[in-house]
Each structure stands twice: as structure tokens, then as C-alpha cells.
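The values are calculated or read from the model by the stated rules, or taken from the named source; none is laboratory data. Note that the structure is predicted; figures quoted are calculated from it, not measured. With ideal geometry, Cβ positions are generated from the backbone for all residues, glycine too; neighbour counts draw on all protein chains shown. Note: areas computed on protein heavy atoms with side chains; ligands, DNA, RNA excluded. Shrake-Rupley method; radii C 1.70, N 1.55, O 1.52, S 1.80 Å.
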Amino acid sequence: MKKLLVMIIAVALSVFSACGQIMDGDNMINSYTQISQEEAKAVMLRDDEHIIVDVRRQEEYDAGHIPGAILIPNESIGTEPPQELPDLDQIILIYCRSGNRSNQAAQKLFDMGYTNIYEIGGINDWTGEIVTEDSMRTQDIAEALSPTATLVIEASGHTFYASFENSSSADALKQKLSSGEIELELHDYGSFEKVGSLPWDLPRNDEQVTTVPGDVILYQGNQITIYYDKNTWAFTRLVKINNTTKEELLEVLGYGNVKVKLSIEWSE
């Protein structure tokens, strides 16, 4: 019965706009579908076991989200189906802030084998109900809906995404990278980090820190280090690589010198 219902909804949705679809030589759809938010509202009224997925970050979700939506940040979606989405045939409605991250997430889920992915744009354009915490102030909501910066770290054909700390050091790094990406050569130091020289000095906010895998640290104002193990010293935290482990970092960064590209990505 569930499969039949999914098929009926899929046929009904086929009349919607589908600018996210791509047709191959045999006229088979090999991408997700984009629908308008008015069309999405109609789907949300149906009892078809659909699921709404918010792919923003936790703080954005907490500030205000579509009722019933679950949070699966785009940065956390890799190549394996998320545990929150066990049914590859379930109707999935995806949104973010303005449509950029939801397009990325929709494509990744489609590539994993999900068959009913519908991207509905951004909450910025949503005219329906938004759920917020009773204690959330208007200013907090506005800040959470504003663009946020992510540090993109590329090495050995792999891309890591890292969240900035709240400090003048992190803000200065954002400002520098806003002018363009940089490429650094990192080398091993000890048995717990990769370190390389920055092309400029950044303000220091040193404090006693015990690192964990994924910490990206400013050392002496002009050295950047990526930690894959523990070390305790007076450092300035810059960013934290999201959802990674020591093993994953070592697999990508390896042993010996490695070239790393740093850039900024702003949420849309």
C-alpha cells in the first residue's frame, strides 16, 4: 500500500516544475526534482508519510524551521544514506536558507539511490508557519537566517568543511580568504599535526588548549596547523572540521608534505 501511495504522489508531482531534472540519452531522469513552495505546501497536507528535511546548521534550525522538519545538515551528508532516512522510496522535501545547500543535498541523496527527492528552495521565501523557541528573540532569528561562512579545505582530491570559531582571529581569516583562496604546503610535526606558514599574520587569542582530531589552530600568529591527535599548548582555535576522525584525516593528509587549498564558502 505504501509503495502504491508513493507511486501515486510521484505521478502527481510529475506535473510540477523540474528544473533540477536532467535527462539522459534514454530520456530517463537522473537527478532530483525542484518544485515550488506552494506545491510543497500541498504535499505537506497529504498523509503520505513524506518527510521534510532542513539541511542548514543546528543554530539556524533552532532559530526557526518549517513545522515537522528534521535537521540533517548538508555538511553531514556524505556518500552513505543518513540513518534518519532509511527508506529510499520515501517522499523527501528538502530546503535550506535560500536554495544553495538544499540543491547540493538533494543531488547527493539522489546519487545514493533515493527516488523521490523534491528540492523546495529556501526558508527565506517561506510564507507558511515557522516553528521557533518561545525564548528566541527576533534578533537571534535574523542572525541565524543571515549568511554564514564555512572554511573549505581541499587536499588530495578530498574536501573538508570546517566551522569558524567566534573570535577576532577567525574573523580575520574570513576577511583574508574573502579576497581569494590560498594554497599552502603542510608538513608533519610530531605525530599529531600538519603545519604550514600563512602568507600573512592573524591576531592571536591564545589559550591553553587540548586538541582533538579536526581542530585547526593558529600558532604564533602566522602558522596554521591541522590536528589529527591530541596535544596541549597555548593556541588560538580558528575552525573545527566537521564530522571527521583521526583515521579519515590521516587517509587524506597522509605522511610527509601535502598541498592544501583554503577557501571560504558562504551559505546561500
Identity of the residue in the stretch 158-179, without any contact (Cβ under 8 Å) to a residue 60 or more places away in the chain and closer than 20 Å to Val260 by Cβ, that ends up least open to solvent (accessible area, probe 1.4 Å)
Ala172
State the number of residues belonging to the stretch 76-102 that are buried (at least 21 other Cβ atoms within 10 Å of the Cβ) and in a helix (DSSP H, G or I).
2
Of the criteria (1) surrounded by 19 or more Cβ atoms within 10 Å (Cβ to Cβ); (2) under 16 Å from the mean Cα position of the chain (by Cα), which one Leu71 fails:
(1)
With the checklist (1) within 20 Å of Thr244 (Cα to Cα); (2) assigned to a loop (DSSP other than H, G, I, E, B) in hand, flag the one item Lys108 doesn't pass.
(2)
Among the residues of the stretch 186-216 satisfying the criterion of being over 13 Å from Leu253 (Cβ atoms), part of a strand (DSSP E or B) and not charged (D, E, K, R), which is farthest from the chain's Cα centre (by Cα)?
Gln208
Reported set for the stretch 170-195 where residues are farther than 21 Å from Val212 by Cβ and polar (S, T, N, Q) is Gln175, Ser178, Ser179
What pairs come out if I take residues in the stretch 89-109 that are closer than 17 Å to Gly78 by Cα and pair them with residues that are open to solvent by 40 Å² or more (accessible area, probe 1.4 Å) whose C-beta lies under 6 Å away, six or more apart or interchain?
Asn100/Glu268
Is there a residue being in contact with a Ser or Thr (Cβ under 8 Å, 6 or more places away or on another chain), within 28 Å of Gln58 (Cα to Cα) and open to solvent by 30 Å² or more (accessible area, probe 1.4 Å) anywhere in the stretch 181-201?
yes
Residue that is farthest from Tyr161 (Cα to Cα) [pool: residues in the stretch 59-75 that are among the small types (Gly, Ala, Ser) and in a loop (DSSP other than H, G, I, E, B)]:
Gly68
Being in contact (Cβ under 8 Å) with a residue 24 or more places away in the chain, touching a strand residue (DSSP E or B) at 6+ places or on another chain (Cβ under 6 Å), acidic (Asp, Glu) and under 26 Å from Gly78 (Cβ atoms): is that true of Glu185 here?
no
Given the conditions (1) outside any strand (DSSP E or B); (2) more than 30 Å from Cys96 (Cα to Cα); (3) among the polar types (S, T, N, Q), report the number of the one that Asn243 does not fulfil.
(2)
Do the conditions hold for Gly256, that is, is it exposed (fewer than 12 other Cβ atoms within 10 Å of the Cβ) and within 30 Å of Cys96 (Cα to Cα)?
no
